[in-house]
Amino acid sequence: MKLRDYQEATVTAVDRELALRKKKQLVVLPTGAGKTVVFSTIVDRRRKKNPRNLPTLILAHRDELISQAAEKIIQVAPELEMSIGFIKGQRNDVHKEVIIASVQTLSKQHRLDQLPLEFQTIVIDEAHHAASDSYLRIINHLDTELLMGVTATPDRTDKKRLDRVFDVVAIEISIEELINRGYLVPPRGKRIGIE
């Protein structure tokens with residue numbers, strides 16, 4: 001899968017910050033920019049560059065995000081299809097190369113205790129949730145070479161700061177920039193009258 005220029009720039013930015021020993025990174029890309037494709041590419045390239053047999057963990061808070069992550073990883077790296085496991089509900093595939101987990105399930109201590117403690121990469125989808133207690137329980141329990149959060153909305157309504165979780169914003173691209181560059185369509189407002 002060929003990345004768009006800003007997606008490739010995002011991968012480069014994450015690598016650059018990692019080389020500067022910033023292992024807890026936030027990536028901010030607008031809705032529609034392909035965050036899942038970007039993190040799937042980063043996971044794939046890191047696994048190919050340094051195959052140390054450490055697993056990858058992807059955290060999400062909704063079933064559709066879990067399914068979407070699996071689909072995109074398979075598109076980016078079809079050879080990983082049989083290596084993807086899930087932790088959600090009754091599923092507990094803790095020994096797979098790529099584990100995609102429901103935060104609600106994995107934040108339970110008995111589930112965390114079954115996981116390996118070290119990961120090559122941990123990705124937090126919708127990372128604006130990462131400052132909540134359930135995410136912090138998982139993050140603080142595990143060790144990783146790269147903790148990367150992706151989000152379109154880095155601000156939280158409860159004012160909890162994401163710098164509790166992430167050391168640096170690796171890259172932030174605005175919706176306006178991607179509209180101006182022709183990657184996203186401009187928003188169009190409609191007014192609906194109610195009688």
State to the nearest 20 debye the size of the charge dipole of region 123-169 about its Cα centre, where the only charges are +1 on K and R beta carbons and -1 on D and E beta carbons. 240 debye
As an exercise, identify the trypsin sites (Lys or Arg not before Pro) in region 117-164 lying in DSSP coil whose Cβ has no more than 13 other Cβ atoms within 10 Å. Lys159, Arg161
Which whole-number value in Å² is the accessible area per residue of region 83-184, probe 1.4 Å? 48 Å²
What would the Debye equation give as log₁₀ I(q)/I(0) for region 2-59 at q = 0.15, 0.23 Å⁻¹, counting only Cα atoms as equal point scatterers? -0.46, -1.07
Could you work out the percent of alpha carbon pairs in the chain separated by over 19 Å, rounded to a whole number? 59 percent
Accessible area of region 1-149 belonging to carbon and sulfur atoms, whole % at 1.4 Å probe: 49 percent
In Å², and per residue, what accessible area does region 1-74 have when probed at 1.4 Å with the other protein chains present? 48 Å²
Region 27-112: C-alpha gyration tensor shape, a/c 1.5 cut-off, then a/b vs b/c: oblate
Once the piece of chain linking Leu142 and Ile192 is laid out straight, how much longer is it, given 0.36 nm per residue of separation minus the C-alpha distance between them? 13.1 nm
Roughly speaking, to the nearest percent, how much of region 152-195's 1.4 Å accessible area is carbon and sulfur? 50 percent
If unit charges are put on Cβ atoms (+1 for Lys and Arg, -1 for Asp and Glu) and the dipole of region 16-73 is taken about its Cα centre, the option from Thr56, Ala33, Ala69 lying farthest towards the positive end turns out to be Thr56
For region 1-160 the mean separation of alpha carbon contacts under 8 Å (6+ apart) over residue count, i.e. relative contact order in percent, is 28 percent
Using the per-residue mean of other Cβ atoms lying within 10 Å as a proxy for protection, in what order, highest first, do the peptides 169-177, 53-61 fall? 53-61, 169-177
Quick check on region 101-152: take the gyration tensor over C-alpha atoms, sort the square-rooted eigenvalues as a ≥ b ≥ c, and tell me if it's rounded (a/c under 1.5), prolate or oblate. oblate
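The values are calculated or read from the model by the stated rules, or taken from the named source; none is laboratory data. Here the structure is a predicted model, which is why all the values come from computation and not from measurement. Cβ: placed from backbone, ideal geometry, glycine included. Neighbour counts: every protein chain shown. The area values use the complete protein model at the heavy-atom level, side chains included, leaving out ligands, DNA and RNA. Shrake-Rupley method; radii C 1.70, N 1.55, O 1.52, S 1.80 Å.
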